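A.B. asks: The structure that follows is given in the form of structure tokens.
The values are calculated or read from the model by the stated rules, or taken from the named source; none is laboratory data. Computed from a prediction, not measured in an experiment: that's the story for all the values here. Don't worry about glycine lacking a Cβ; one is built from the backbone with ideal geometry, like all the others, and counts go over all protein chains shown. Note: areas computed on protein heavy atoms with side chains; ligands, DNA, RNA excluded. Shrake-Rupley method; radii C 1.70, N 1.55, O 1.52, S 1.80 Å.
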Amino acid sequence: MVRLNRKGFRNRHHLMLDGALLALATILAYAVRFEGFEWGDPYRSTALAYLLASLPLKVALLFGFGLYRRLWRYASVYELEAIISAAFASACACFVLGALVLPGLGLIPVRVPLSILVLDGLFAGIVVALPRLLQRSLGRRGRRPGIGARRVLIAGAGAAGGMIVKELRGNPQLLLVPIGFVDDDANKHNHRMYDLPVLGSLADIKDIVRDKNVDEVIIAMPTAPGSVLREIVRTAAEAEVPTRTVPAIFDIISGKLEVTTLRQVEIQDLLRREPIETNLEAVRALATGETILVTGAGGSIGSELCRQIARLGPGRIVLLGHGENSIFAILQELSDRFPNVRIEPIIADVRDRERMAHVFAHFDPFSVFHAAAHKHVPLMESNIAEAVTNNILGTKNVVELSAERRVEHLVMISTDKAVRPTNIMGATKRVAEQIVQQTAELASRNFVAVRFGNVLGSRGSVVPTFLRQIADGGPVTVTHPEMRRFFMTIPEAVQLVLQAGALGRGGEVFVLDMGEPVKVVDLAADLIRLSGLEVGKDIEIRFTGTRPGEKLYEELFFSAENAIPTDHPKVLRAKNSMLPVGVSTVVDDLIMAAQEGWADEDLRQFLKRLVPDFDASRAGMPMVKREQ
């Protein structure tokens with residue numbers, strides 16, 4: 001109630017001021033028309049009648065256009081539009097009143113001169129606008145940052161940059177003062193936006209920082225590619241000023257963050273590519289109103305899948321995972337964020353066929369997203385039986401039960417390491433792809449696989465490892481100076497999974513067009529710079545040699561695969577020309593051998609029969625880049 005009273009008080013003085021100034025505007029219009037205040041008796045009585053009739057009409061119209069329900073201290077172009085609209089409506093209404101209504105009713109001895117009606121409308125608009133714009137101007141000046149404010153240069157003279165300027169000016173407690181923009185659009189140079197100059201291009205940042213005593217650079221370019229952001233960060237680091245950024249366009253569209261949410265530049269910003277546009281209608285058909293089963297739901301990919309599926313309005317999401325803590329965490333998050341979505345947490349191991357059969361029979365899922373797997377390359381080299389039972393047996397259980405229950409869609413998460421694999425993890429995931437393809441073809445089901453590159457931010461990925469090493473003071477360890485990997489963010493990975501489910505017809509492998517692979521050593525150097533440190537001076541990069549099963553370059557397709565475009569510009573479809581003969585029997589023999597504790601070399605030979613391209617001797621050797 002107090003807030004309402006204060007709001008009313010803020011506009012009450014405008015009401016009283018309008019009453020006085022609008023009356024003065026009419027008197028001034030007569031004075032201008034007659035070049036003084038001697039108007040003669042007929043016009044004097046006409047002026048009084050017109051004034052008494054027009055004043056309440058004007059105020060009523062101002063009420064109608066909401067001019068007494070606005071916070072003029074925070075006025076924007078929308079308030080200016082309201083003033084203009086109200087003033088124009090008032091001028092038209094008063095013109096009709098003075099020229100037609102009052103004379104027609106015989107309430108005035110002579111008609112109000114048309115020149116006075118025009119002048120009155122003009123002066124009324126001015127006296128209504130001036131006090132409000134003055135309050136807006138004084139309010140802005142009164143909110144300037146105090147002592148200790150930092151001078152900020154904004155990279156990007158666009159809509160996002162403008163929003164940042166308004167946010168900083170409206171919140172002086174942030175102690176950030178924008179001093180200008182930089183932008184590569186030459187048409188903007190030497191012009192002003194939000195009363196701030198566009199000082200030059202992105203290449204001029206270092207000189208501008210020095211000349212203008214800039215303390216910080218804010219990157220307001222939510223759609224800029226990673227290469228542009230990398231250059232800005234490096235230039236700012238050379239100028240010895242920190243950088244912050246607005247969120248990427250994906251985070252803005254998904255509703256996770258506002259455009260004006262400033263944060264430190266992160267490594268995924270530097271790898272930013274054009275946002276993936278998802279066909280939401282096709283994706284909704286996978287989930288809306290249906291029961292969705294996600295295996296590995298507590299993992300990095302599985303949990304993000306659950307978040308994005310929850311936004312599609314499913315009837316129920318079944319969170320299946322082996323680790324109770326991770327399932328509990330995603331259960332709590334989804335329950336808080338999506339209270340209208342039914343969530344079912346299931347603790348189960350995908351290797352347990354009987355338990356999984358019970359889950360499928362009880363929930364009868366419409367779509368299945370299979371993200372449960374072992375993924376750490378060096379660990380799986382010394383735990384082959386675990387890799388076989390989890391990645392192969394677990395996938396076999398999920399896929400076969402999905403076929404038995406007539407699941408409509410299944411998407412299995414694979415890896416680029418499944419292509420000409422040099423390690424156990426890649427070989428087992430390749431067999432998992434074969435199981436999906438064979439079942440899809442034999443059962444005529446819409447089951448597909450999706451190959452990822454390295455997912456930034458996922459548990460056990462290279463970025464958290466590098467950050468931990470930097471926090472410990474170094475060194476940052478990289479296996480080889482020529483080691484290259486395809487990288488993608490978790491949201492990109494999940495977008496690919498959902499889109500693959502919509503595009504799939506059965507048996508295909510889908511791959512995201514991830515551009516060129518990134519040198520891991522460059523990634524390490526960028527992280528060191530983002531931490532405010534200098535490579536070689538503060539933190540050393542040390543090369544340790546390739547690990548068992550690693551190769552220098554990852555590939556996306558086999559030589560026997562034909563990669564063809566899809567309706568989605570960033571997604572490619574591949575399908576093997578043939579499967580190994582007797583694949584089902586060999587898979588069963590491999591699983592039995594792993595369960596019975598056969599020697600690692602025997603398990604490797606089984607995998608070699610299933611994946612002829614599997615060759616551990618090629619680990620650490622560069623691959624020849626083949627034309628697609």
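A.B. asks: If you stretched the chain out fully between Glu231 and Ala357, how much longer would it get, using 0.36 nm times the residue separation minus the C-alpha to C-alpha distance?
C.D. replies: Computed gain between Glu231 and Ala357 is 40.1 nm.
A.B. asks: Once phi is turned into ³J(HN,Hα) by the Karplus curve 6.51 cos²θ - 1.76 cosθ + 1.60 with θ = phi - 60°, what whole-Hz value does each residue of region 309-317 show in order, with x for glycine and proline?
C.D. replies: My calculation for region 309-317 gives 5, 4, 6, 8, x, x, x, 6, 10 Hz in order.
A.B. asks: Please work out the average accessible area per residue across region 340-479, using the 1.4 Å probe convention, and give it in Å².
C.D. replies: Counting only protein heavy atoms, the per-residue value for region 340-479 is 34 Å².
A.B. asks: Next question. From the mean inverse distance of alpha carbon pairs (Kirkwood) and the Cα radius of gyration, derive Rg over Rh for region 29-88.
C.D. replies: My calculation of the ratio gives 1.16.
A.B. asks: Going from most exposed to least, what order do Glu281, Glu534 have by accessible area with a 1.4 Å probe?
C.D. replies: Glu281, Glu534
A.B. asks: I've got another one for you. I need the phi-derived Karplus couplings for region 387-398: 6.51 cos²θ - 1.76 cosθ + 1.60, θ = phi - 60°, integer Hz, Gly and Pro marked x.
C.D. replies: Here the 3J(HN,Hα) series is 4, 5, 5, 7, 6, 9, 4, x, 5, 4, 4, 5 Hz.
A.B. asks: Report the calculated FRET efficiency for Arg505 and Ala329 (r = Cβ-Cβ distance, R0 = 30 Å), to the nearest 0.05.
C.D. replies: 0.25
A.B. asks: Provide Tyr43, Tyr30, Tyr194 ordered by accessible surface of protein heavy atoms (probe 1.4 Å), highest first.
C.D. replies: Output order, biggest surface exposure first: Tyr194, Tyr43, Tyr30.
A.B. asks: Let me ask you something else. Assuming 0.890 mPa s and 25 °C, estimate D for region 307-443 with Stokes-Einstein, Rh taken as the Kirkwood radius over Cα pairs, in µm²/s.
C.D. replies: 155
A.B. asks: Carbon and sulfur: what percent of region 44-121's accessible surface (1.4 Å probe)?
C.D. replies: Of the solvent-accessible surface of region 44-121, carbon and sulfur hold 73 percent.
A.B. asks: Past the 31 Å Cα-Cα mark, which pairs from Lys212/Lys519; Lys166/Lys212; Lys166/Lys570?
C.D. replies: Lys212/Lys519; Lys166/Lys570
A.B. asks: Moving on to the next point. For Ser531 and Arg150, FRET efficiency with R0 = 25 Å and r from the beta-carbon atoms, rounded to 0.05?
C.D. replies: Once the sixth-power term is evaluated, E becomes 0.80.
A.B. asks: On average, how much accessible surface per residue is there in region 486-536, in Å², for a 1.4 Å probe, leaving out ligands, DNA and RNA?
C.D. replies: 29
A.B. asks: Accessible area of Ile126, 1.4 Å probe, to the nearest 10 Å²?
C.D. replies: The value for Ile126 is about 80 Å².
A.B. asks: Let me ask another. Just reorder Leu175, Leu496, Leu122 by solvent-accessible area, largest first, 1.4 Å probe, all chains present.
C.D. replies: Leu122, Leu175, Leu496
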